[in-house]
């Protein structure tokens with residue numbers, strides 16, 4: 001079976017760039033330079049930092065997750081992959097731990113143009129740690145407005161309006177003629193996810209970075225502790241058990257919790 005790769009894009013107004021691989025960072029730099037010609041030096045500094053941080057993540061996720069491996073029965077992985085990688089990992093973690101400053105504050109130290117800061121930081125949740133935010137390009141939506149809309153009973157009207165706006169914007173910019181091709185449309189929001197999954201506010205990544213204290217394990221070297229609970233014989237898993245989280249960490253904590261259950265049964 002053949003699959004087409006999903007292409008992520010980013011844009012300002014009717015100009016859109018496609019992010020296909022690491023080389024796209026140069027395209028992103030040119031994109032920013034085109035819209036902020038007076039800040040080319042600042043942009044160059046920011047791009048250099050993004051490259052460094054992405055390099056840290058390459059080390060961090062450069063091997064199969066040890067938590068998902070059967071180490072006692074996979075000596076080749078243990079001695080040929082994990083141990084050589086461990087030294088690079090520890091050195092990289094020191095650099096990552098120095099980049100826990102909220103990305104907005106970090107960017108403000110690299111440029112005095114608030115518009116440039118906003119354009120770059122808009123992709124991330126508020127107060128996302130710099131090491132996490134600048135390591136990838138993904139678009140996130142702020143959904144706090146949608147919560148208030150539902151409280152006032154405007155949810156259906158706002159949903160219809162947003163669908164109409166979305167089609168209009170795309171039709172008049174990067175996808176001319178789209179409106180005439182639409183036969184049916186539907187939309188979803190974090191509130192939809194909340195109804196389907198029960199997650200508070202339809203949260204995608206667990207605890208918000210704006211919390212004064214994260215009520216979960218947030219140190220990578222202590223990820224094994226994320227599944228521990230105060231109740232004997234009970235372990236936990238999922239995006240609320242570790243921060244920052246998401247689907248991959250839900251899988252990892254699930255495996256860790258499963259290992260604890262097996263260990264408890266054998267003892």
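The values are calculated or read from the model by the stated rules, or taken from the named source; none is laboratory data. Computed from a predicted structure; not experimentally measured. Every residue, glycine among them, receives a Cβ derived from its backbone with ideal geometry; neighbour counts consider all protein chains shown.
Here are the numbers:
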{"item": "Residues of the range 99-116 satisfying the condition of being assigned to a helix (DSSP H, G or I) and over 14 Å from the mean Cα position of the chain (by Cα)", "result": "104, 105, 106, 107, 108, 114, 115, 116"}
{"item": "Subset of the range 34-48 [surrounded by 16 or more Cβ atoms within 10 Å (Cβ to Cβ) and closer than 12 Å to residue 106 by Cβ]", "result": "46"}
{"item": "Number of the condition not met by residue 167 [criteria: (1) over 18 Å from the mean Cα position of the chain (by Cα); (2) at pLDDT below 80]", "result": "(2)"}
{"item": "Some residue of the range 193-204 being in a loop (DSSP other than H, G, I, E, B), surrounded by fewer than 11 Cβ atoms within 10 Å (Cβ to Cβ) and without any contact (Cβ under 8 Å) to a residue 40 or more places away in the chain", "result": "yes"}
{"item": "Leading residue by the ranking (nearest to the chain's Cα centre (by Cα)) among those in the range 61-85 that are over 23 Å from residue 257 (Cα atoms) and surrounded by 10 or more Cβ atoms within 10 Å (Cβ to Cβ)", "result": "62"}
{"item": "Matching option when the condition is surrounded by 10 or more Cβ atoms within 10 Å (Cβ to Cβ) and over 22 Å from residue 16 (Cα atoms), among 154, 165", "result": "154"}
{"item": "Residue among 96, 119 that is part of a helix (DSSP H, G or I), under 30 Å from residue 32 (Cα atoms), within 22 Å of the chain's Cα centre (by Cα) and at pLDDT 85 or above", "result": "119"}
{"item": "Residue check, residue 253 surrounded by 12 or more Cβ atoms within 10 Å (Cβ to Cβ), part of a helix (DSSP H, G or I) and at pLDDT 90 or above", "result": "yes"}
{"item": "Subset of the range 238-250 (residues that are assigned to a helix (DSSP H, G or I) and within 21 Å of residue 97 (Cα to Cα))", "result": "248, 249"}
{"item": "Hey, residue 231 outside the structural domain of residue 100 (by TED's automatic domain parsing) and either surrounded by 12 or more Cβ atoms within 10 Å (Cβ to Cβ) or in contact with a strand residue (DSSP E or B) (Cβ under 7 Å, 6 or more places away or on another chain) (or both) or not", "result": "no"}
